[in-house]
Every structure is written in structure tokens, then in C-alpha cells.
1. Between the range B:6-85 and the range A:43-93, how many Å separate their Cα centres?
2. Over the Cα atoms of the range A:1-49, Rg to Rh with Kirkwood Rh, two decimal places?
3. Using only DSSP helix segments of four residues or longer, with each worth -39500 (n - 2.57), what per-residue ellipticity at 222 nm results for the protein assembly as shown after dividing by its residue count and rounding to 500?
4. Could you give the length gained on full extension between residue B:9 and residue B:126, defined as 0.36 nm per residue of separation minus the Cα-Cα distance, in nm?
5. Would you please classify the overall shape of the protein assembly as shown from the alpha carbon gyration tensor, given that a ≥ b ≥ c denote the square roots of the eigenvalues, rounded means a/c under 1.5, and beyond that prolate means a/b larger than b/c while oblate covers the rest?
6. Counting Lys and Arg as +1 and Asp and Glu as -1, each charge on the Cβ, what is the dipole of the range B:108-190 about the Cα centre in debye, to the nearest 20?
7. By the scheme Lys and Arg +1, Asp and Glu -1, what is the net charge of all other residues having a beta-carbon under 12 Å from that of residue B:44?
8. Relative to the present Cα-Cα distance, how much length would full extension add between residue A:83 and residue A:15 at 0.36 nm per residue of separation?
Amino acid sequence: MTYVLTWLALMALLALTFGSSYLPMGAWNSVANMAISCAKALLIAVFFMHLRQAGALLRLAACIGLLWLALLFGLSWTDFGTRTSSPAPWSSR
Amino acid sequence: MSTAARSDNALFGMWAFLATEVLFFGPLFFGYVHARLAQPDAFVSGSHHMHIVLGTLNTAILMTSSLTMALAVGAARKGGPPGRWLGLTALFGLVFLGIKAAEWVMEFGEAAGAAGGEARFYFLYYAMTGLHAVHLVIGLGVVAWLWRHAKRFDAAYHTPVEAGGLYWHFVDVVWLFLYPMFYLLERYSA
């Protein structure tokens, strides 16, 4: 029963993300789409992947990949995001 | 070591593997963010060439395959045979791949003629959905193996079904992010 309810919620969120993309919200369209995708991913992780019943070790393992991804995104962005504002001394531009 | 402890170890191993998979996909997601911020208009016009009905249908199919996979695990936990649900999961996975392949063929002409930012959009589209499809094919192999050995699993021993399920759900989750990134950009202006 929990599985079917989760699936119904996923389908409702799919309808929401599909429908919202036809409303002109500018940059907020992407924000809404990503928020809905995160909500769907959370539903799947908690109910389909059973993190709700899992112990601390499995929950930590599930989060750690995302933590590293966030760190690497942050580090990469400090590079790409500042290349024009503070070019390296040896940069030709 | 008890069966329960062994099962926990196996599931921990699968979650650790999935963490490496997150980092495997990660650079492509970063590349997407970087390229799209540099040329947002090219990404919007690229996105308008996507077949939104097929993409949305495929998202629904893949989420449904996750439901049947979860039901397979639920059946195995209760000691019932998971075979029927595993078969359905594989079927949905195959339908997804079929639709995806048809889309790739339909979009290829457009992609081959694209230049500049749109070419980058198509490169990321083919690279990311392609890598996702490779994962789905591997998932299909896992589900087929589980299906073949479905009679082995009962309420006391069904760790492979649980671990295979985790992988299948992960591949589904990746698609849930790819779908809005490629299909849903400024649809209102299409």
C-alpha cells in the first residue's frame, strides 16, 4: 500500500513538473523543476529504497555521495566562476 | 556471521557503490550547468526540439518500473515469489529503452546539423541519456538474473533482490533529473 501511494505521489509530481513548465516563471521554472525532482528522488529513496527502515550506517552511506558531489561542485565553481573576474597571471586574456 | 548482518553488509556495499555512481554522473551534471549558464538561449531552443510527450511518457514508465521493483522486494520479504514483479520491471525497462532509442534516431538529424551552444546541448543530451541507458541495460541484466533465480529467494534470504532493487531505483532517480533538464526548458515559449 505504501508503495502504491508513493507511486501516486510520484505521478502527481510528474504532472506538476510537466504542467508548470508551460507557465512563464523565468528562472523559477528551473527552480521548480529541480525542487520537484529532488522531492521525487526523496520519495524513492525513503520508501522504495527503504531508507525509512534503514539503520544509521545505510542512511549515512546514502548521503555521503551527495555530500562529495556538493563539495566537488563547490570547488569546480570557485574555478570556473572566477576565471573572468580574476584571471590567472599566465592567462592570455 | 548471521544472515541479517551479512545482508546489512551487502546493502551497505550497494549504497557505497551508488555513492561512486553519483560522482560518476556528477561531472556531466556540472558540465551541463556550466554550458547552460554560458548559452541559455541555445539550451532553450535545443530543448524545444525534444519530443516532450515521449519524454514524459518514458518518465511515467520508469517510475512505474520502480513501483514494480519495490513490489518485487516487498513480495520477497513476505516470502512470496518476486518473479512476476521482476518480469514486469524488466518489461517496463525494455519499453523505456525502445522509446528512448526511437527518440535518439528522430533527433539525430537535428543534432548532426547543430552548431555552437545547441551542439553542446545535443552533446550533453546524447552523453547523459546514453550513459543513463547503459546503466539501465546493466539494470536489466541484474533484473533478468534475479528473475531467473526468483525461486531461490524467500522471507529468510532475499538480499540480492534488495540490492538489485537499490540499483534499479538509483537509475530511475538519475532519469528524474535528466527529464526536466532536457525536455522542460521554457516550454511556454515553444
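1. 17
2. Details: Rg = 11.9 Å, Rh = 11.3 Å.
Over the Cα atoms of the range A:1-49, Rg/Rh equals 1.05.
3. That calculation yields -27500 deg cm²/dmol at 222 nm.
4. Values: separation 117, 0.36 × 117 = 42.12 nm, distance 3.57 nm.
Result: 38.6 nm gained on full extension.
5. Prolate shape, in that a/c is at least 1.5 and a/b is the bigger ratio.
6. Its charge dipole is roughly 280 debye.
7. -1
8. Going from the current span to full extension adds 20.5 nm.
Any read-out appearing in this document is the output of simple, stated calculations on the displayed coordinates, not a laboratory observation. Note that the structure is predicted; figures quoted are calculated from it, not measured. Virtual Cβ from ideal backbone geometry, glycine too; neighbours counted across all protein chains shown.
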